[in-house]
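As structure tokens, the structure follows; a few thoughts come after it.
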Amino acid sequence: MTTPRLARITLILTLFLIGFGGFTRGSSSGYGCEDRWPLCQDGLLGGWLPRPEFHMVVEWTHRWIAAWVGLLALLLVVSAWRGRASGRTPFVLASAALGVVMFQAWIGRAIVKNDLAADLVSLHLLISLTVAFLITAVFVTSSPEHDRPGSPRWRLAVGLTAISSVAVLFLGTLVHNQYHPGWPIMNVGLFPDAWSTQSVIHWFHRLAAGLVLVAVLALARSATRSGRPPASRRVVVATAWLYSANILAGWLHVLTEVRSSAVVATHLTIAAVVSTLLVTEYLRSLGTPATIQTGDLSRHRDVGPAPPEASPEPQSS
């Protein structure tokens, strides 16, 4: 299996793991195996299998999906090492992703041992996104496909939007499972209660989500009008549609009073996919894989045809 294909499979499973992690937390199943890790407390076959209980099955499934991500990350390192003749960057990125996955496993253990501390849960999600972004970079740098480099202005716009989308996601984790009635403006009024930390964080979460929506729609419009390559336009337009759908998922979040684990998982998954697509576009806008690996952008810009070489003057006898 080629490195780009393996990276794509690993990325898809990583994003699925992020969404399933949201389902696990939303269904209050994060402590389904109690404080034993990586096996389940009082599970079947010494903890290797779960008892037929909902919360234990959900947490057990979440752990084994994470184990598969770790295995695929290891295989990705091996594949990138075998293809290092065409560039070492994918191998370096894949090795970094594997290291982060191992750190993520340790954080997961710490979360279980610390009774699902909220700050560690938010950190757990950010680390998962880091893994997804590193694997995305492996895919881009190892793929033979490439786009025409984007202008510095385009790269800046995409990069800032990607960072902002991650910030929105992080703010959402801080108020996870917190019900704040009213949408899109909370019932507390135009401005939040300054004495309620949760209300202030959620208010900024909604405000930032609205601003990123405007930014994503602007990117889609700009990609169409500026003549970006077809692959680039597809990625950005898909991002705009997905982000718009996630705004509606946020509304469902409020409508269901944050009680639906399916809505929680969907909302989180779409947010992770959106951020990953923006990172993909940013990396691809840097140019060809060779460009990204060497950092030389000047050779790949549209500078027009080279002037004809002057013919040598005849020498006098």
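Going residue by residue through the range 38-60, is there one that turns out to be surrounded by fewer than 17 Cβ atoms within 10 Å (Cβ to Cβ), aromatic (Phe, Trp, Tyr) and in contact with a helix residue (DSSP H, G or I) (Cβ under 7 Å, 6 or more places away or on another chain)? Within the range 38-60, none of the residues are surrounded by fewer than 17 Cβ atoms within 10 Å (Cβ to Cβ), aromatic (Phe, Trp, Tyr) and in contact with a helix residue (DSSP H, G or I) (Cβ under 7 Å, 6 or more places away or on another chain). Can you spot a residue in the range 240-251 that is free of Cβ contacts under 8 Å to residues at least 24 places away in the same chain, part of a helix (DSSP H, G or I), open to solvent by 70 Å² or more (accessible area, probe 1.4 Å) and farther than 26 Å from residue 28 by Cβ? Within the range 240-251, one or more residues are free of Cβ contacts under 8 Å to residues at least 24 places away in the same chain, part of a helix (DSSP H, G or I), open to solvent by 70 Å² or more (accessible area, probe 1.4 Å) and farther than 26 Å from residue 28 by Cβ. All told, residue 50 falls short of being farther than 22 Å from residue 103 by Cα and within 18 Å of the chain's Cα centre (by Cα). Of the residues examined, residue 80 is one that is surrounded by 18 or more Cβ atoms within 10 Å (Cβ to Cβ), more than 19 Å from the chain's Cα centre (by Cα) and of a type in the set (Gly, Ala, Ser). Scoring residue 287 on the criteria (1) modelled with pLDDT under 80; (2) at negative phi; (3) open to solvent by less than 20 Å² (accessible area, probe 1.4 Å) leaves a single failure, condition (2). Might you let me know whether the range 26-35 holds any residue that is buried (at least 22 other Cβ atoms within 10 Å of the Cβ) and more than 21 Å from the chain's Cα centre (by Cα)? Checked against the condition, which is being buried (at least 22 other Cβ atoms within 10 Å of the Cβ) and more than 21 Å from the chain's Cα centre (by Cα), the range 26-35 yields at least one hit. When you check residue 137 against the structure, is it part of a helix (DSSP H, G or I) and either open to solvent by less than 20 Å² (accessible area, probe 1.4 Å) or under 30 Å from residue 84 (Cβ atoms) (or both), yes or no? When the stated conditions are applied, residue 137 passes them.
The values are calculated or read from the model by the stated rules, or taken from the named source; none is laboratory data. From a predicted model like this one, the values you see are computed outputs, not experimental measurements. FYI the Cβ positions are ideal-geometry reconstructions off the backbone, even for glycines, and counts take in every protein chain you see. The accessibility values were calculated without ligands, DNA or RNA, using every heavy atom of the protein model including side chains. Shrake-Rupley method; radii C 1.70, N 1.55, O 1.52, S 1.80 Å.
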